[in-house]
Amino acid sequence: MLSLEQARERILDAIRPLPAETADLNEALGRFTLEPLRSSVDLPPANNSSMDGYAVRAEDLAAAGASAPVALRVIGTAPAGVVIDRTVEPGTCVRVFTGSTLPRGADAVVMQEDVRQNSQDPSSVLFVEGAPPWENVRLRGEDVKAGALLLEAGEKLTAPRLSFLAAAGISSVRVGRRPVAGLLATGNELREPGVPLEPGAIYESNRIGLAALARQAGALPKVYPLVRDELAATQAALEQALSECDVVISSGGVSVGEMDWVKAAFEAIGGRLDFWTVSMRPGKPFAFGCWKEKLLFGLPGNPVSALVSFVLLTRPGLLRLQGAREVLPRSIHATLSEPLANPAGRRHFMRVMLDERGGARSAGLQSSHILSAMARADGLVDVPPKATLAAGTLVGVLPWD
Ligand code: AMP
Ligand code: MG
């Protein structure tokens, strides 16, 4: 049986990112850059003022003080967006605003609150303190130099990164195509939510949660009708979904019972199974394989197992398909406020809740059919086999999304 890490390695090794496409920045949120992005401009592009005030030569104000005000003649006004064609010569200054390009000759800006009007001569203003050179000036290129790397290949386009690229004049980026992820649920007992439940039946709940997680991972979910536990029906459903999608995420029917048809059906249509068990709880039965250039993630049916194995094994695959460099979410660090015990012989990804003080505790019963604890949980803690993590232990909590 593979360890979780080995299974993830096998999945990532089998995946080649989907072809690149060009996306406008306003459609690129959450997607992954496929090539390094460099700046063609300096940021800021020119020295400019960080204040409303007066652009001066710092040298002119060396002797300024409350009892020795210095008068400088105002030779013009430079609103933001205008490059004034005047040079600040000794004894002069230019009225500027936040973002105004610094006029030639000036090397500092004095904020307007520190400047007095000159009642003797309205064409000049009075300075009652000095300004060190470059005070209130944003220097050309101090943020980014032309040619510098803005983002590496494989980085996620977050809101701040989109603003960063826009500031460098970039309007579109090469990103990995979003995978279409087909969602199948197998089980004779399953019924669509919204219809009355007859004896023996349960409501199907995996496709909705898995589709949501797939969407959060950047994929385009496509939900297929329920699949009966029969070889022919499973074959037909898998073949259709695999033909129409980049990946298929099925739930149920991957265990060893006579009613578990996913593996057999997948092989019958020409799929190559890579592995079908992983040493972890929940989510031990987990089939992964390739059909032509398409991928099958065969998740277990228990709702907790399905979602946990999505987070641990399926999402990394979906992210890698889009060209992501990092495919594992960053854990949230928390301190256990009560012990977490795993008496079983396999590592257990237990559902925990976080509190505002950096604490984490069990979200409730930890069996893989307990949906209430799953719904309460903020994430998962990896508890080693036959171990109890004591209260006070610092743990990493893997978030759902
Ligand atoms: P299986 O993996 O098919 O053996 O299913 C394991 C358990 O999960 C059984 O109790 C199923 O009834 C339940 N189950 C399977 N698929 C789903 C589903 N899509 N929604 C809710 N429960 C399910
Ligand atoms: Mg089943």
(message) Just to check your reading of the model, which residue among 236, 306, 241 is away from ligand 2 (no atom under 16 Å from the Cβ), at negative phi and open to solvent by less than 10 Å² (accessible area, probe 1.4 Å)?
(response) 241
(message) Return the pair list, or none, for Cβ contacts closer than 9 Å from residues in the stretch 333-349 that are closer than 16 Å to residue 393 by Cα and part of a loop (DSSP other than H, G, I, E, B) to residues that are open to solvent by 60 Å² or more (accessible area, probe 1.4 Å) and of a type in the set (D, E, K, R), at least 6 apart or on different chains.
(response) 337/357; 337/361; 338/361
(request) Give the residue that is most open to solvent (accessible area, probe 1.4 Å), with candidates limited to residues of the stretch 358-401 that are in a loop (DSSP other than H, G, I, E, B) and among the acidic types (Asp, Glu). (result) 401
(request) Filter the stretch 159-190 down to residues that are farther than 23 Å from residue 243 by Cα and among the β-branched types (Val, Ile, Thr) and give me whichever is farthest from ligand 2 (Cβ to nearest atom). (result) 170
(request) All but one of (1) open to solvent by 20 Å² or more (accessible area, probe 1.4 Å); (2) closer than 22 Å to residue 20 by Cβ; (3) touching a Pro at 6+ places or on another chain (Cβ under 6 Å) hold for residue 323, so report the exception by its number. (result) (1)
(request) Kindly list the number of the only condition in (1) surrounded by fewer than 24 Cβ atoms within 10 Å (Cβ to Cβ); (2) more than 25 Å from the chain's Cα centre (by Cα); (3) within 19 Å of residue 208 (Cα to Cα) that fails for residue 313. (result) (2)
(message) Looking only at residues that are over 18 Å from residue 231 (Cα atoms) and in a strand (DSSP E or B) in the stretch 269-285, which one is nearest to ligand 2 (Cβ to nearest atom)?
(response) 285
(request) Check the stretch 48-64 and report whether any residue there is out of contact with any strand residue (DSSP E or B) (no Cβ under 8 Å at 6 or more places or on another chain) and either closer than 30 Å to residue 281 by Cβ or open to solvent by 20 Å² or more (accessible area, probe 1.4 Å) (or both). (result) yes
(message) So, residue 29, is that one more than 30 Å from residue 126 (Cβ to Cβ), at pLDDT 95 or above and surrounded by fewer than 16 Cβ atoms within 10 Å (Cβ to Cβ) or not?
(response) yes
(request) Pick out the one residue from 257, 270, 253, 289 that is near ligand 1 (Cβ under 10 Å from one of its atoms), surrounded by fewer than 24 Cβ atoms within 10 Å (Cβ to Cβ) and over 16 Å from residue 223 (Cα atoms). (result) 257
(request) Determine if the stretch 337-346 includes at least one residue that is under 27 Å from the mean Cα position of the chain (by Cα), surrounded by 16 or more Cβ atoms within 10 Å (Cβ to Cβ) and at pLDDT 95 or above. (result) no
(request) Output the number of residues of the stretch 159-174 satisfying the condition of being farther than 16 Å from residue 45 by Cβ and either surrounded by 12 or more Cβ atoms within 10 Å (Cβ to Cβ) or modelled with pLDDT under 95 (or both). (result) 5
(request) Being closer than 21 Å to residue 263 by Cβ and of a type in the set (Gly, Ala, Ser) is the filter; apply it to the stretch 194-233 and report the residue that is most open to solvent (accessible area, probe 1.4 Å). (result) 232
(request) List every residue pair whose Cβ atoms sit under 7 Å apart, with the two residues 6 or more apart in sequence or on different chains, where the first one lies in the stretch 187-210 and is on the phi > 0 side of the Ramachandran plot and the second, anywhere, is open to solvent by 20 Å² or more (accessible area, probe 1.4 Å). (result) 187/229; 187/301; 200/189
(message) Going by what's in this entry, would residue 364 be described as among the small types (Gly, Ala, Ser), over 25 Å from residue 209 (Cα atoms) and at pLDDT 95 or above?
(response) no
(request) Mind listing whichever residues of the stretch 347-361 are among the basic types (Lys, Arg) and either over 17 Å from residue 304 (Cα atoms) or in contact with a Lys or Arg (Cβ under 6 Å, 6 or more places away or on another chain) (or both)? (result) 357, 361
(message) Can you pull out every residue in the stretch 1-47 that is over 30 Å from residue 134 (Cβ atoms) and among the small types (Gly, Ala, Ser)?
(response) 3, 7, 14, 20, 23, 28, 30
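The values are calculated or read from the model by the stated rules, or taken from the named source; none is laboratory data. Nothing here was measured: the structure is a model prediction, and the numbers come from that model. Because the Cβ atoms are built from the backbone with ideal geometry, glycine has one as well, and the counts that use them run over all protein chains shown. Areas reflect the complete protein model, heavy atoms only, side chains present, ligands, DNA and RNA absent. Shrake-Rupley method; radii C 1.70, N 1.55, O 1.52, S 1.80 Å.
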